[in-house]
Amino acid sequence: MNCRRPLLLCVLIGSAIAAGGCEVCETPTVPVMPDPRLKPAALVPDDFGTVPKIVEVKVPVPSPQLRPVGENHEASSEKAGSAAIAAAKAGATTQPTADGFLNAIQYYDYAPGVVYTAITAPGYVTTVALRAGEKLITAAAGDTTRWIVENVQSGSGDAAQTLLLVKPRKAGLQTNLLITTDQRVYSLDLTSTDSSTYHTMIAWNYPFGDVVTIRNQVAAQQAVAQATVATGLDLSKANFNYLILRQKHTPTPAWCPLRAFDDGQKTFIQFPPKVTVTEAPPLFVMGRHGDAQLVNYRVKGDWYIVDRLFDKAELRLGQAPQTVIAIVRADAKD
């Protein structure tokens with residue numbers, strides 16, 4: 001089924017033959033100094049495994065409000081001055097629709113630059129609900145004499161929600177309300193009527209913001225997961241007492257490991273960034289008699305993870321004479 005297996009087997013056999021006949025290779029004896037690219041370890045929360053999923057939630061509110069500003073482009077393109085302003089404003093203003101309600105709450109789809117309509121009535125309160133966790137900066141009404149705008153808070157902590165209470169002093173009034181938060185800017189047109197018909201509450205759907213936020217969270221957490229070699233390591237058993245040796249008459253190769261350590265069960269070898277993608281030298285564990293043995297290891301990011309401990313191992317790449325880097329436990333050095 002896997003057509004790559006014969007080729008991989010040939011490569012490994014060829015590497016093993018080259019390893020067995022490496023008497024012509026120069027033995028690595030020169031210590032490689034600590035690489036300046038090494039960075040101190042940082043403690044990160046061990047919660048990257050809980051990656052949020054992008055799930056489409058069925059909301060019982062359709063989204064008919066989103067549309068290009070100024071749909072009648074041909075008719076409005078010839079307008080200028082105040083006529084152009086009026087045309088743009090009319091095209092960007094969203095009116096209430098019957099299918100935009102969930103119970104008594106009017107849901108609008110949020111988009112920058114859209115003007116949302118709020119119908120109010122004297123003696124009644126129209127509530128404008130911001131998104132939970134959104135922090136109010138300012139709420140400015142055009143007419144502060146005949147309109148009352150107050151804000152209250154519902155909930156606490158990250159679930160705290162700001163509610164704006166809008167009340168007209170009499171019927172037949174019109175003004176606008178600008179709301180700025182730490183995340184968005186809302187623009188509403190307020191109208192007061194002489195009837196008992198009014199908006200009980202206005203809130204928003206965020207069709208684009210949710211997807212972008214979740215995708216950013218997923219990308220960030222996947223980056224942390226990729227950068228994390230292993231979890232649950234017992235640092236009290238970590239042994240960094242390894243030497244990395246190069247050949248005396250051969251320059252240090254670009255793929256030379258940065259460091260190696262073990263946790264008492266597995267050995268971890270760190271390479272420079274992207275080396276394991278472009279140049280991945282095979283790893284051989286050296287036996288007591290100098291014989292090279294292929295060993296099982298996994299590649300994760302810039303690391304080789306060897307499922308055992310060893311006293312000495314070699315990384316070999318190229319044709320004879322091969323470039324060889326030795327990884328030696330310091331307390332096992334000859």
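The values are calculated or read from the model by the stated rules, or taken from the named source; none is laboratory data. Since we're looking at a predicted model, the values are computed, not measured. Here the Cβ is made from the backbone with ideal geometry for all residues, glycine too, and neighbour counts use every protein chain on show. For accessibility, only protein heavy atoms count, side chains too; no ligands or nucleic acids. Shrake-Rupley method; radii C 1.70, N 1.55, O 1.52, S 1.80 Å.
How far apart, in nm, are two points set 7 Å out from the Cα along the Cα-to-Cβ line at ASN103 and at GLN319?
My value for the distance between the label points is 7.8 nm.
Pull up all non-local amide H partners of LYS300: gap of 5 or more, or a different chain, and H-to-H distance under 5 Å with H placed in the peptide plane.
ILE305
Share of region 272-334's accessible area from carbon and sulfur, percent, 1.4 Å?
47 percent
Going down the list LYS248/LYS312; LYS248/LYS274; LYS274/LYS312; LYS89/LYS135; LYS89/LYS170; LYS237/LYS312, which pairs span over 21 Å between their C-alpha atoms?
On the way: LYS248/LYS312 18 Å; LYS248/LYS274 26 Å; LYS274/LYS312 24 Å; LYS89/LYS135 27 Å; LYS89/LYS170 25 Å; LYS237/LYS312 19 Å.
Pairs exceeding 21 Å: LYS248/LYS274; LYS274/LYS312; LYS89/LYS135; LYS89/LYS170.
Hey, what do the phi angles of region 199-204 turn into as Karplus ³J(HN,Hα) couplings, whole Hz, using 6.51/-1.76/1.60 and θ = phi - 60°, x for Gly and Pro?
Once θ is set to phi - 60°, the couplings for region 199-204 become 6, 6, 8, 10, 9, 10 Hz.
If GLU314, GLU26, GLU150 are ordered by their accessible area, calculated over protein heavy atoms with a 1.4 Å probe, which sequence runs from highest to lowest?
GLU150, GLU26, GLU314
Which trypsin sites (Lys or Arg not before Pro) from region 281-332 combine a DSSP loop assignment with at most 10 other Cβ atoms within 10 Å? Before the final figure, lay out each step's value.
Numbers: sites: ARG288, ARG298, LYS300, ARG308, LYS312, ARG316, ARG329; in loops: ARG288, ARG308.
For trypsin sites (Lys or Arg not before Pro) across region 281-332 that sit outside H, G, I, E and B with at most 10 neighbouring Cβ atoms in 10 Å, the list reads ARG288.
Leaving ligands, DNA and RNA out of it, rank VAL114, VAL277, VAL324 by accessible area with a 1.4 Å probe, largest first.
Largest accessible area first, the list is VAL277, VAL114, VAL324.
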